[in-house]
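Below: the structure, in structure tokens.
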Amino acid sequence: MEALRMPHSGPRKKRPRQMGASVASPPPDIKFRDLVLFILEKKMGSTRRAFLMELARRKGFRVENELSDCVTHIVAENNSGSDVLEWLQVQNVSTSSQLEVLDVSWLIECMRAGEPVETTGQHQLVVRKDYSSDPSPGPQKTPPLAVEKLSQYACQRRTTLNNCNRVFTDAFEVLAENYEFRENEVSCVAFLRAASVLKALPFPILSMRDTEGIPCLEDKVKCVIEEILEDGESSEVKAVLNDERYQSFKLFTSVFGVGLKTSEKWFRMGFRTLSKIRSDETLKFTRMQKAGFLYYEDLVSCVTWEEAEAVSMLVKEAVWAFLPDAFVTITGGFRRGKKIGHDVDFLITSPEITEETEQQLLPKVINLWERKGLLLYYDLVESTFDKLKQPSRKVDALDHFPKCFLILKLHHQRVDSSSPGQQEGKNWKAIRVDLVLCPYERRAFALLGWTGSRQFERDLRRFATHERKMMLDNHALYDRTKRIFLQAESEEEIFAHLGLEYIDPWERNA
Ligand code: DCT
Ligand code: MG
């Protein structure tokens, strides 16, 4: 791999090149004819620009000296999306509807690869609006600036795990959680949406100007951003983190089986620590909460990717013992590429599935684990699925497939008694596992629904309802205009039915 040379890092061979490359016939040494690059001098400087232009040309890229309507990719450095948009607005040049506005990191990756690399959300300074899927009324014309702000819907944004605004999104998530604990749904949703949209932003917010044009940033959200920009922290977040009620709810809800109602009750009774609650003889615990306390240390320590892989082997082995052709797919955060999670989620299906196997599979699997001594807790939920029912109108509704919420005993691969928090001589870890079984023809909907993130799912359903007059849930997609159910064999088909660009699982970390 050739290292990138900076303009001042030694002498360079000069090579004759054409100034103002002709639009009609590109010079013969251009290898990648679909791309026409323009490198923005603003904030980059003329020396570095000249260096990058020459390097790109040497690698076979077509680079224009001037901005024109044939340019397909604008490359900028140290500019935010709004900086570039502002610059474009005063250029008085009509731009291509396919125009991409990218950070220099994209060009550098291309130079390393020696060919164009795919543009992702991490490179895009401005996300292009897809005009083809959203025809506006009136005469068809190329918009003067075919670049548009981020969508208000997470399902129209690509959100990888590369979050360059963590300082803000962490703060918003604390505030959202506090509002959830106080059952203020409106404010909770406002901060969750704001966190979600900033996670998709390909550049860090450095000033309030960078927030212009970003959707889902209400005034109360902007106040928090402003304070963090000025002081490095938010006083509101600080106050929440020190708040006794927040701290107690955070602690209580960290126990498997404890929700808001129980937390509220314990808080009102004056409890502040788990040890006091655990040892109180007047309190009654559900079976779930008892398991939650029993395996507390293991369950609060996150599941690693390696542990998820090991659980995956256990699940496949058990399911295949009874249904050898079953598809067993990891869903949830691990499917989105997360390296840790609070549980491991699986979707199980098979083309051979009958009503009988559907009823018997999960009980058989549980029974097998019980006999092997791996079952620490289970809650089996029978199917309430009705094929004819329309998708739920509720954004957060649970699905009706048979499922099982479990705690499994995962034996360590290597006995390592020095692991922190591990009890002496204990060679296993309790892991939360969710299994969902769905009819084969519903697998695409179930997979899409169980892959998450929650915010992505909420916005998919909101988008379907408000933008398409359709209803989507984990079972089906219903078109209310045509009054028909739309079938799908894959997630791609569901996105296509909704008129959405396909978003890969690792880009759904909204
Ligand atoms: N899900 C949903 N609505 C809910 C609960 C879950 O749409 N009310 C979907 C989204 C994610 C998936 O199910 C799995 O849920 P979790 O395991 O809670 O989330 P996760 O993304 O896997 O996160 P974690 O890493 O914490 O397990
Ligand atoms: Mg999960």
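The values are calculated or read from the model by the stated rules, or taken from the named source; none is laboratory data. The shown structure was predicted, so the numbers you read here are calculated from the model rather than taken from an experiment. Backbone-built Cβ (ideal geometry, glycine too); neighbour counts: all protein chains shown.
Filtering 352, 317, 306 for residues that are within 16 Å of ligand 1 (Cβ to nearest atom), of a type in the set (Asp, Glu) and either more than 19 Å from residue 369 (Cα to Cα) or without any contact (Cβ under 8 Å) to a residue 24 or more places away in the chain (or both) leaves a single hit, 306.
Could you please give the count of residues in the stretch 265-289 that are under 19 Å from residue 299 (Cα atoms) and either in contact with a strand residue (DSSP E or B) (Cβ under 9 Å, 6 or more places away or on another chain) or hydrophobic (A, V, I, L, M, F, W, C) (or both)? Residues that pass the stated criteria total 5.
When residue 117 is tested against (1) modelled with pLDDT of 50 or more; (2) part of a loop (DSSP other than H, G, I, E, B); (3) buried (at least 19 other Cβ atoms within 10 Å of the Cβ), just one condition goes unmet, and that condition is (3).
State whether the residues of the stretch 386-397 include one that is out of contact with any His (no Cβ under 9 Å at 6 or more places or on another chain), under 21 Å from residue 491 (Cα atoms), within 16 Å of ligand 2 (Cβ to nearest atom) and β-branched (Val, Ile, Thr). No, the stretch 386-397 contains no residue that is out of contact with any His (no Cβ under 9 Å at 6 or more places or on another chain), under 21 Å from residue 491 (Cα atoms), within 16 Å of ligand 2 (Cβ to nearest atom) and β-branched (Val, Ile, Thr).
For the stretch 234-251, check the following and say yes or no: at least one residue is within 30 Å of residue 103 (Cα to Cα), of a type outside the set (Asp, Glu) and buried (at least 18 other Cβ atoms within 10 Å of the Cβ).
Scanning the stretch 234-251, I find at least one residue that is within 30 Å of residue 103 (Cα to Cα), of a type outside the set (Asp, Glu) and buried (at least 18 other Cβ atoms within 10 Å of the Cβ), so the answer is yes.
In a residue-by-residue description of the stretch 480-492, the property of being within 18 Å of residue 343 (Cβ to Cβ) and among the hydrophobic types (A, V, I, L, M, F, W, C) applies to no position. Evaluate the following for residue 291: is it under 30 Å from residue 260 (Cβ atoms) and either part of a loop (DSSP other than H, G, I, E, B) or more than 16 Å from ligand 1 (Cβ to nearest atom) (or both)? So residue 291 passes the test.
Taking each residue of the stretch 372-400 that is without any contact (Cβ under 8 Å) to a residue 60 or more places away in the chain and looking for partners that are in a loop (DSSP other than H, G, I, E, B) and surrounded by fewer than 13 Cβ atoms within 10 Å (Cβ to Cβ) with beta-carbon atoms closer than 7 Å, six or more apart or interchain, yields nothing.
Residue-by-condition table, conditions (1) touching a Ser or Thr at 6+ places or on another chain (Cβ under 8 Å); (2) more than 30 Å from residue 293 (Cβ to Cβ):
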| site | (1), (2) |
| --- | --- |
| 224 | yes, yes |
| 230 | no, yes |
| 254 | no, no |
| 275 | no, no |
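All of 337, 333, 341 fail the test of being under 28 Å from residue 471 (Cβ atoms) and within 16 Å of ligand 1 (Cβ to nearest atom), apart from 333. Against the numbered list (1) in contact (Cβ under 8 Å) with a residue 40 or more places away in the chain; (2) surrounded by fewer than 15 Cβ atoms within 10 Å (Cβ to Cβ); (3) small (Gly, Ala, Ser); (4) not in a helix (DSSP H, G or I), residue 337 comes up short only at (2).
Name the single residue, out of those in the stretch 160-182 being of a type in the set (A, V, I, L, M) and out of contact with any Leu (no Cβ under 6 Å at 6 or more places or on another chain), that is farthest from residue 224 (Cα to Cα).
Out of the qualifying residues, it is 161.
Would you say residue 328 is within 25 Å of residue 347 (Cβ to Cβ), touching a helix residue (DSSP H, G or I) at 6+ places or on another chain (Cβ under 8 Å) and surrounded by 18 or more Cβ atoms within 10 Å (Cβ to Cβ)? Judged against the criteria, residue 328 is a match.
One residue stands out among those in the stretch 340-353 that are more than 16 Å from ligand 2 (Cβ to nearest atom) and surrounded by 15 or more Cβ atoms within 10 Å (Cβ to Cβ): the one that is modelled with the lowest pLDDT, which is 353.
Results for (1) within 14 Å of ligand 1 (Cβ to nearest atom); (2) not acidic (Asp, Glu), shown as yes or no for each residue.
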site: 453; (1), (2): yes, yes
site: 460; (1), (2): yes, yes
site: 467; (1), (2): no, no
site: 473; (1), (2): yes, no
site: 487; (1), (2): no, yes
site: 497; (1), (2): no, yes
site: 503; (1), (2): no, yes
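Residues in the stretch 295-325 that are surrounded by 18 or more Cβ atoms within 10 Å (Cβ to Cβ) and either at positive phi or within 13 Å of ligand 2 (Cβ to nearest atom) (or both): 299, 303, 307, 308, 311. So is residue 81 more than 22 Å from residue 209 (Cβ to Cβ), modelled with pLDDT under 95 and small (Gly, Ala, Ser) or not? Judged against the criteria, residue 81 is not a match.
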